[in-house]
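The values are calculated or read from the model by the stated rules, or taken from the named source; none is laboratory data. All values derive from a computational prediction rather than experimental measurement. Heads up, the Cβs are rebuilt from the backbone with ideal geometry, glycines too, and the neighbour counts pull from every protein chain shown. These area figures cover heavy atoms from the full protein model, side chains too; ligands, DNA and RNA do not enter into them. Shrake-Rupley method; radii C 1.70, N 1.55, O 1.52, S 1.80 Å.
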Amino acid sequence: MKQINITSSATVYSNLGELSTEDQMLMNKAIEARRNAYAPYSKFHVGAALLLDNGEIVLGNNQENAAYPSGMCAERVAIWQAGSLFPGVKIKKLAISASSTITKVDKPIGPCGACRQTLSEYEINQKEPFPVIFMGEVGEIVKTPSLLSLLPFSFDSSYL
């Protein structure tokens with residue numbers, strides 16, 4: 001038997017003003033996307049913005065459905081749209097922002113497990129990590145160096 005330690009690093013920023021100009025711009029796009037989310041049931045709005053290697057920005061937001069769980073998360077809406085519109089173009093970074101009409105979201109909200117798995121497929125396939133920047137509506141912002149840093153022991157095609 002052996003024990004291993006898994007560590008992950010992230011940078012925590014106190015506000016948007018501490019981010020680089022490019023990261024601020026991308027997060028503002030995620031905030032814009034969040035405002036267009038269709039979340040009449042959960043009242044929890046999420047926006048995602050992907051910056052691609054070709055300079056394009058692809059947006060996504062959560063889309064709920066009365067036949068729960070038929071809805072879709074913002075991150076998967078964005079990543080699948082990027083894959084459809086720009087196949088083979090690398091992802092440079094991802095920004096995510098969440099808010100609620102019920103309560104103030106003041107903690108960084110990272111991608112759910114299903115989104116982490118889906119996003120990991122793209123990071124693994126492009127053979128290059130992409131940073132993930134996430135926040136709530138207000139408060140601190142977290143930036144990780146890669147999606148896979150959020151998903152140790154990820155499942156990929158090498159297991160098939």
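Descriptive notes on the structure:
- Whole-percent carbon and sulfur share, accessible surface of the range 1-116, 1.4 Å: 51 percent
- Local net charge near R116, Cβ-Cβ under 14 Å (Lys/Arg +1, Asp/Glu -1): -3
- Using a Gaussian network model of the chain in which every pair of alpha carbons under 10 angstrom is joined by a spring, one finds that among G139, G83, G17 the greatest mean-square fluctuation is at G17.
- In terms of overall dimensions, the chain has a Cα radius of gyration and Dmax of 15.5, 51 angstrom.
- Most mobile of A66, A82, A33 in a GNM of the chain (Cα contacts under 10 Å): A66
- For the range 1-42, the Rg and Dmax computed from alpha carbons only, in angstrom: 17.3, 51
- Computed E for Q81/M1 - FRET, C-beta separation, R0 45 angstrom, nearest 0.05: 0.50
- Simple label model, 7 Å out from Cα along Cβ direction - L160 to S8, nm: 2.4 nm
- Loop GluC sites (Glu not before Pro), the range 77-160 (other Cβ atoms within 10 Å of the site Cβ: 15 or fewer; DSSP): E140
- With at most 15 other Cβ atoms within 10 Å, longest stretch of the chain clear of loop chymotrypsin sites (Phe, Trp or Tyr not before Pro) (DSSP): 42-152
- Length-normalised contact order of the range 40-123 in % [C-alpha pairs under 8 Å, at least 6 apart]: 33 percent
- Gain upon complete extension [Q24, V138; 0.36 nm per residue less C-alpha separation]: 39.7 nm
- Aspartates and glutamates with Cα under 14 Å of K104, excluding same-chain neighbours fewer than 8 positions away: E137, E140
- Residues in the range 1-134 average 55 Å² of solvent-accessible surface per residue, probe 1.4 Å, ligands and nucleic acids excluded.
- Projected over all directions and averaged, the alpha-carbon convex hull of the range 4-99 occupies 8.4 nm².
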